[in-house]
Each structure stands twice: as C-alpha cells, then as structure tokens.
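Read the structure below first, then the notes.
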Amino acid sequence: MNYLNEDIDSLNEKLAQGTLSADKLAQDTVENIKKTDEKLNAWITVQEDAKPDEDLDFANNKLAGIPIAIKDNIITKDVKTTAASHILDNYIPVYDATVIDRLKKAHVTFVGKTNMDEFAMGSSTEHSYFGATHNPWDFDKVPGGSSGGSAAAVAAGQVVAALGSDTGGSIRQPSAFNGIFGIKPTYGRVSRWGLIAFASSLDEIGVMSKRAKTSAQVLNVIAGADDHDSTLSTRAVPDFTEYIGKDVKGLRVAVVKEYMDAVDGEMHEVIQKQIDVLKDAGAIINEVSLPLTKYVVPDYYIIASSEASSNLQRFDGIRYGYRAEDAKNLLDVYVKSRSEGFGEEVQRRILLGSFALSAGSYDRFFRQASKVRTLICNDFDKIFADNDVIVGPTTTTPAFNIGSEISDPIKMYNNDILTISANLAGIPAASVPAGLVDGMPVGLQVMAKRFDEGSIFQVADFIERNNKFYEKTPAGMED
Amino acid sequence: MNFKSTIGFEVHFELKTKSKIFSPSPVSYGAKPNTETNVIDWGMPGVLPYVNKDVYRLGIMVALATHSHILPTTHFDRKNYYYPDSPKAYQITQFFQPLARDGYVEIEVHGKKKRIGIHEMHIEEDAGKNTHGTNGFSYVDLNRQGVPLLEVVSEPEISDPDEGYAYLEKLRKIVQFTGASDVKMEEGSMRVDTNISIRPAGQKELGTKVEMKNLNSFEHVRKSLAYEEKRQAQVLLSGGRVQISTRRFDEATGKTVLERVKEGDADYRYFPEPDIAPDHISDEWIEEIKSSLPRSAEERYNQYVNEFGLKEYDANVLLQTKESSDFFDKTVAAGADPQLAANWMNTQVNGYLNDNRVELADIKLTPENLAAMIKLIKDGTISSKIAKKVFAETIANGTDPKKYVEDQGMVQLSDTSVLEPMVKEVVDNNPQSVEDFKNGKDRAIGFLVGQIMKQTRGKANPKVINQLLNDELQKR
C-alpha cells in the first residue's frame, strides 16, 4: 500500500482501531518502497527488516509505529549512514543523532535512509554517489535537493513524513518541487548532534510531509534543548499543532519585492493567488524590500563553503570511511582518499572554501561575507518589527530536467537565491504547495522571526486548507 | 659591539580538569592508549564539541593570579591542519580573541625586581599522540586529544637568560598555587617554547627571532638562551644574518641545532568556530572565583617567615609544591606548632616520600594526625625518641597517634612521685657514680639517666629525671 492519501492522524486512527497493525504497516511500507523506488531512487538504504517497537500506545502517542524516512546525513546507530558519498559508503555509526534518539523514544518505525546530494551540497539530488533521484511528478525532472530523496519519498506516498536538512534551502526547494510541505526551523531549535556537518552556522534539521500538521507533530518531538549542541536554544518548545486550523485575520504579511520580481508568468500568478487568498481572509499585506537579496548567493557560497572546507577535513582516510588502496605515504592517504572519495561538487566547494579562508583572502572574502550576513539579519529584523510573516515564491522556477544544470554550477547556485537568506539570518522558513505550473508543483515560502515557527504553521495550514493541493497525486504515481 | 637580547615565552599548561575540554572523556596521565576517548575525540561524523565550563574556571584563576584582564565573552576559532593525531583536522583554539590579556608577573633577579608583561592567555585543545613503530606502522593514541591547555604568551620584555629562568620559575609557581595545573614538565603538564632575538645596543627595532620548542627543563631554557645569545652575536659580528628558524637544544653538547628555517607562515586558515556558542563570563563569576582562589606562594612565604618565624630555607622547602604547603597549613590549622610542623614536614615526611617514591596525596598521614603527634611532643606526653616510632606507625597505617600512644603504653613518665623512688634507688645502688659526680665528672649523671631509662624502657621524661638526679646527688 502507499500513503498518498494518508497522514499521521489517519494512520494513527487505523492503528488505534486495530484495522491496521504496526507490523503490517512497516511491511507494507518496505514493500511499497521497493516497488516504487525503481523509478524514483529516493532511498540509499531500505531497512527491509524494519520492525516497530512493541506495546505501542496508539491512544496517547500519535507517532507510535509510524514509518518515517531519514535523510542519509543524519547519524543512525548500526544503520549505514553515507551522506551520499563514496567516502562514507560503508560507514556504520556507533551512536544516534539526537533527533533519532528522540524519534526512538517516540516509537516511530525506522524504514531507511533517503538519497541526497553528497554532503547536502546541491539543489537537485543529482550529486549522489548512489545516482540521481527522480521527481515523482515527472521522472525526467529533478526532485530538487539536497533533501530530494526525502521529498520524493513523501510526495510518492512511500512515507508520510521524512527528516531532511536545510543549509541553504535543502528542505524547502525539494518540498516545492515535489508539491509537499517542508519546514526548516529556527537555527538553534533542533539539535545538530549527529547531523553530518556541511556548514555548521547554517545547517538545520527539519521535517517534510504532505500536510503541515504532520510536520508539526514530528517537530514537536525532535525540537528543544540538548546538552550535546551548545548552539541550541534552551527556550521551551510550544505545541506546534496548536497553530493548525486557525484563520489569518489581522496577520501582518510582508511580501518582498525582490522575491516577487524573481518570478514571472504563470509562476508569478500562482504565487500571487496565494497572497490574495491571505488578503481575502483578512491578512494585512505589506510590500517590503530586501535590497541585499542580490548579494545573498555569493555571501552564502563563501560562508557555507568555508565552513564546509573545514568540516569535511575529518574525512581523511585515517580513522573511518574510504581509504585509497595504493597510498604509499601519509600525504598519499590524504590526497588520494579524498580525491577518490569526494565527488566533483564537494571538491569544488572545498576548494572554494579553502580559498576564501586562506591568508590574504580571509579579509576580502570570509570577513566581508560575515559582515554582509549581519546586514541581512538586520534587514529581516526590521521587517519583522512590523510583520508576522514574509511570503513569496520558494523557487524561481519549477523542477528542471535531470542533467540540464549539472554542468553549470553558477546557474545551479543561483537557484537558491530565495531560500538562502533564511539560513543566513537563522530564521524559520517553510515551503507549502501553491499550485502547478506546466504540470509541476511550485511552493509558497513562508518565513517568520526567530523561534516563531508557529506563525509559519498557521499560514501554511491555512493555504493548504484553501488550495487542497494535498489531494493531488503526482503524475508518476497514478496507476 | 654590545648586543641586547629580547626573549619571549609561550608556555602551555595542561588544565587540571576531570574531563576533556570538549568531551566527557576522562583525563588522566598514563592510561592505556585510546581508552580515554569517545566519539567526539575520534572526530566521528556529526559530533559537536561541548565546552567543559571548568576549563574557563581554571583559566580565569590563572588570569586573576597574573593580574590579567578577562574578556567578558568567550570565543573559539579553528586552526586547520592535517595530521593523524588531529582527528578533526583542525584544532579548536582561541585565535581572534583570547580568554584574558594584559597581565604581568613580577620577578626578582640579583636583587632587582622587574615586571614581565603577559600579552595574553588562551584556551585550546591538545592533540593526540603519534608514535612510529619499528614494524613500518605508525600508531595514534587519542587519549590526549581534547585535554585542555592554557597557553600563556609573555610580552617580549625579558632581557637575559637569568630573567627568563626567573620568569618561568615565577609563572610555574603562580600557576601551581592556583591549583589549575600540575605544572610537571616531565609529564607534559607544563611545556615551554621560547624565542630570542638580539640587536645592537641602541638599535630600536628588534632583531630576527629564533624559536626553541618543547624544552625539557628550565635549566635547558637558560642554557639554550645563553648559547643563542652568543651564537647570534657571532653571526652578526661576522657579517651574517640570523635566519627566522626553529632550533632544538642538544643536551649532550649544550648547543642549539637548526631544525627548520621558516619560509613564510603556515596557512592555518583560522576562522571562528561555528559549533560553539559564546559564553558570557560575568563579573559575579569572576568575583566568586577570586574569592575561592587559593593563597599565592608569595603570601604563604610571608606568613611562614614573618608570622611563624620559619627560616627562609624551611619556608621555601614547604613551598616547593602546593600540596606540601597545603598540608603544612592544615597541620598548623589543626593546632600544631609551626616550627615543629615545618621540621617534621621537611625532614621525616619528605624522607618518607623519597624513600617510598610516593606523593603526599598517596600516603595515609593526615595533617590532623601529624598535628596530634606534634601536640603530644609539645606537651611532653611523648619524647622525641618515642615520637619517631609513633610517626612511623601513623604514616604507614594512618593510626591515630594519641590512641596509639595510649594503647602501646608509650606515654612519657613525668610523674615525680613515681620517678623519685627510682632515682633514689639508682643513686643508692651506684656509689661510684656519686663519687664521680662529686669529682666533677659530668658523665656520671648520663650513666644514671641511662639506668633509669633502661628500667622504664625509655618512657621516663629525660628532663624530669635530670632534674631529680641533680637534686638527689646534691643531697649526698
């Protein structure tokens, strides 16, 4: 069976009533993944022996026995974790990420690890050692990235929820391309302990699902203080499901001119329609400007690549992971293992970051980028002084064809222009399905001030109830 | 031509925390390789550092003891380099902003006092250890990975090797008496790098700096600096130029040997550590640490000499380690006479430690027991001869001296009503000795004392017997 028309609530109801057992749910899930994934390639590891915990309390725990997908850059004890890289293609971790630990305590069922761009570097899930993932709406299209496997798995009904990670849009852009909801929470909301680092000051684990409420239910479990991560906020985590089912009357909604200018034609119309829906429902729409938007792509690629160049140094062939076989001395171990173990895009970013941090470049690049980042943060603070949320397009276009941009990194990087700012500013942001353009889904991005994921759920849920996009089935999944 | 030397130091102290700076692994010296490690020390994918706040506390102690200015917000940076003993391929250190800066220590050389500035001190993690086997393999031990270090960087204000020696002695003593570090060079808990340049007297700008790393002892530091002064002067006098370089001190020849010439600085690509949130060091916390700061060696020395009347030598022996000074202070606090306590500490206790190759912390003697024993001597309950037996028992088995003395019937006989008849009897039985005494032979009295000691098995109070014998003999 597939879960195209299910969510956590509907599955929980069946489990609680006894019309479906958790064992059957797990088995069906694995079988369906195996069947459908031939065309999608959304998974790196499928846990064929997936087994739910025993004595599940379906009445009081909605997540009990629910199969959930985990992006393969999140550390899972005893389950291969590769970050889609050759350098870790046989790596079996000895500990659990905090988010995994919390999901285990919530008794979800783990069914496997999803495909992604290697080390989360990419916007198309084409940069995977395990091959590209295909978009369930059109197998010739990319699912976006880097959490493309998680997005495709949810959109195709393989699971009802998946964890992703978002450093510059890696949850929101694939969510938009696959017609699902996906949220990158506030930086400091979800522990990064056990997330294989790409860019430490930008990385955030988040949730993807068809309905906003499902993500709220999962986020409730994974968010909150953790001694393992000192960058994490200790503030209390609200019950995010309380923001579901509300109206938007009086809500102050900012629309960024530069974001709207980035889209045209049908895409612009679809997004504008969602904004109009909010307006018609009594929201106050304010047009605002973020003039620094034109700098965010270079700014992001300097900061993210610099941090990545350092974070990825530990993959040196010494203690774990791939080691080149014909290494004759220490330098050989490093150079050959890394040259053979990392893919082209990862090497490109390591080089870019190493350059930006090197003596003589630091002041011109990294320091400047850090200053620009502060200015971007200040701009968002100003907007949120008078507004509750910012809405606009998540991406500039719908999903592109597999292979069409992979040879043009600059073009690929520019895809991230609308999502990157939220990471630089550390604010929460989500993508909620807005409609179809040429048969492919596009998303409405909703941003809020730090730690106000609640307003995002409120707006996303309102949009979702209005356009009922969740009732649509991806073209590739119709049979 | 006369030359002036400019000497600087970078001294690393291992901070004495129970666990590592960024992981909960324990810290101890000499554990089996890789037994004191966890996923953080191994730099496993996905791990994050988490600051052990005790590291701040110990660092702040040293900052306070050196009159340094403590910065209100902590900040860490990454120093990137590849090496098998560096599992993340970067060291977490404080590059852009230290823990504290602008301090000083005061030294005294040949009767002249001088302030040596401390440029800054910063916290960082230690690396693991590589060893190269004879079988073609190299081995990595990560036990030391993540041990907290405090690096203290002096201002280049030291002008000769003797001052350098005095600076190190003083700095070591200061750090030692905060209790923040074990300061043992042989175990690596104190590591010294030094640098020296010379310039013609009258020239303002500094000469070219030569570095010497990981010197084994202060004496080696002094010798290597003295050698460098001469060597660099010869180079300059013969028209040559000093190279920016690192040299090593060769113990056998007493010379320094070129290790490598620096060709531009290595590029460590420093940048702010994004995995650690800044911590605020509040004034309240600093005050709290200040009030709990142990007394400095200087303060203790003044008390020992001026208040207790100890000889300078005795005071210095007690102050060789914080442990012995603490032990002494506690013994005095428990009621012991300071002079007696110092004597016992510096002779018997130290002798025992040396003979058994143990440390003060490892033995069963407590300050309370030592004080109790000293009180028994002072109030005449036991003789100093008996005291040696009591001490041997107490230090070996931790026995309460008072109880031991009572149980063993070692209490000194001072009761004249008991001793008087014995004295009479001895005098009666030894007429020859009485004769000798009258003839002015002082030895006679010694013989009679011996007789009484024999009868009382050494317990008679020699002072009392002497008095009684004198009185008795006068009567005859």
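The values are calculated or read from the model by the stated rules, or taken from the named source; none is laboratory data. Note that this is a predicted model, so its numbers are computed, not measured. Note that we place each Cβ from the backbone using ideal geometry, even for glycine, and neighbour counts take in every protein chain shown.
Name the single residue, out of those in region B:53-74 being touching a Leu at 6+ places or on another chain (Cβ under 9 Å) and within 14 Å of chain A (Cβ to nearest Cβ), that is surrounded by the most Cβ atoms within 10 Å (Cβ to Cβ). Across region B:53-74, the extreme among qualifying residues is B:VAL55. Selection of region B:215-240 for residues being without any contact (Cβ under 8 Å) to a residue 40 or more places away in the chain, surrounded by fewer than 15 Cβ atoms within 10 Å (Cβ to Cβ) and over 18 Å from B:ALA166 (Cα atoms) yields B:LYS230, B:GLN234, B:SER238, B:GLY239, B:GLY240.
Within the option set B:VAL411, B:VAL405, B:VAL426, B:VAL464, being more than 25 Å from B:LEU340 (Cα to Cα) and of a type outside the set (Phe, Trp, Tyr) holds for one residue only, B:VAL426.
When region A:298-337 is limited to residues that are crowded, with 18+ Cβ neighbours inside 10 Å, in contact (Cβ under 8 Å) with a residue 40 or more places away in the chain and more than 12 Å from chain B (Cβ to nearest Cβ), the one that is nearest to A:LEU351 (Cα to Cα) turns out to be A:TYR301. Against the conditions (1) over 22 Å from the mean Cα position of the chain (by Cα); (2) touching a residue at least 12 places away in the same chain (Cβ under 8 Å); (3) within 29 Å of B:GLU298 (Cβ to Cβ), B:ILE60 satisfies every one except (1). Pairs linking a residue in region A:37-49 that is assigned to a strand (DSSP E or B) to a residue that is of a type in the set (Phe, Trp, Tyr) and at pLDDT 95 or above, with Cβ atoms under 9 Å and 6 or more positions apart or on different chains, are A:TRP43/A:PHE130; A:ILE44/A:TYR129; A:ILE44/A:PHE130.
Can you spot a residue in region B:193-205 that is surrounded by fewer than 17 Cβ atoms within 10 Å (Cβ to Cβ), acidic (Asp, Glu) and assigned to a strand (DSSP E or B)? Taking every residue of region B:193-205 in turn, none turns out to be surrounded by fewer than 17 Cβ atoms within 10 Å (Cβ to Cβ), acidic (Asp, Glu) and assigned to a strand (DSSP E or B). Can you tell me which of B:PRO49, B:PRO87 is crowded, with 23+ Cβ neighbours inside 10 Å, of a type outside the set (Ser, Thr, Tyr) and either more than 14 Å from every other protein chain (Cβ to nearest Cβ) or part of a loop (DSSP other than H, G, I, E, B) (or both)? That would be B:PRO87, the only listed residue that is crowded, with 23+ Cβ neighbours inside 10 Å, of a type outside the set (Ser, Thr, Tyr) and either more than 14 Å from every other protein chain (Cβ to nearest Cβ) or part of a loop (DSSP other than H, G, I, E, B) (or both). Any residue in region A:375-395 that is within 14 Å of chain B (Cβ to nearest Cβ) and either surrounded by fewer than 20 Cβ atoms within 10 Å (Cβ to Cβ) or assigned to a loop (DSSP other than H, G, I, E, B) (or both)? No: region A:375-395 contains no residue that is within 14 Å of chain B (Cβ to nearest Cβ) and either surrounded by fewer than 20 Cβ atoms within 10 Å (Cβ to Cβ) or assigned to a loop (DSSP other than H, G, I, E, B) (or both).
Which one is farthest from A:ARG349 (Cα to Cα) among residues in region A:96-125 that are crowded, with 24+ Cβ neighbours inside 10 Å and among the charged types (D, E, K, R)? Top of the filtered list is A:LYS113.
Counting residues in region B:96-103 that are within 13 Å of chain A (Cβ to nearest Cβ) and either touching a residue at least 24 places away in the same chain (Cβ under 8 Å) or more than 24 Å from the chain's Cα centre (by Cα) (or both) gives one or more.
Taking region B:361-406 as the range and being farther than 19 Å from B:PHE327 by Cα and without any contact (Cβ under 8 Å) to a residue 12 or more places away in the chain as the test, the residues that pass are B:ASP379, B:SER384, B:LYS403, B:GLU406.
Does A:ILE406 satisfy the criteria of being part of a loop (DSSP other than H, G, I, E, B) and either in contact with a strand residue (DSSP E or B) (Cβ under 8 Å, 6 or more places away or on another chain) or over 15 Å from A:GLN173 (Cα atoms) (or both)? Yes. Mind checking whether some residue in region B:4-23 is assigned to a strand (DSSP E or B) and free of Cβ contacts under 8 Å to residues at least 24 places away in the same chain? Within region B:4-23, not a single residue is assigned to a strand (DSSP E or B) and free of Cβ contacts under 8 Å to residues at least 24 places away in the same chain. The helices (runs of 4 or more DSSP H) located wholly in region B:288-356 that include 3 or more residues which are surrounded by 17 or more Cβ atoms within 10 Å (Cβ to Cβ) occupy B:297-302, B:312-318, B:322-333, B:338-344.
Using the structure shown, decide if A:SER361 is surrounded by 16 or more Cβ atoms within 10 Å (Cβ to Cβ), in contact with a Leu (Cβ under 9 Å, 6 or more places away or on another chain), among the hydroxyl-bearing types (Ser, Thr, Tyr) and within 13 Å of chain B (Cβ to nearest Cβ). Answer is no for this residue. Between B:ASP283, B:ASP275, the distinction of being buried (at least 19 other Cβ atoms within 10 Å of the Cβ) and either farther than 24 Å from B:ASP182 by Cα or within 14 Å of another protein chain (Cβ to nearest Cβ) (or both) belongs to B:ASP275 only. Residues of region B:34-46 being more than 10 Å from chain A (Cβ to nearest Cβ) and over 27 Å from the mean Cα position of the chain (by Cα), which ones? Those that are more than 10 Å from chain A (Cβ to nearest Cβ) and over 27 Å from the mean Cα position of the chain (by Cα): B:ASN34, B:THR35, B:THR37, B:ASP41. The residue of region A:215-233 that is farthest from the other protein chains (Cβ to nearest Cβ), among those that are of a type in the set (A, V, I, L, M, F, W, C) and either out of contact with any strand residue (DSSP E or B) (no Cβ under 7 Å at 6 or more places or on another chain) or over 18 Å from A:ALA429 (Cβ atoms) (or both), is A:ALA216. Filtering region A:74-99 to residues that are part of a loop (DSSP other than H, G, I, E, B), within 11 Å of another protein chain (Cβ to nearest Cβ) and within 19 Å of the chain's Cα centre (by Cα) leaves A:ILE75, A:THR81, A:THR82, A:ALA83, A:SER85, A:ALA97.
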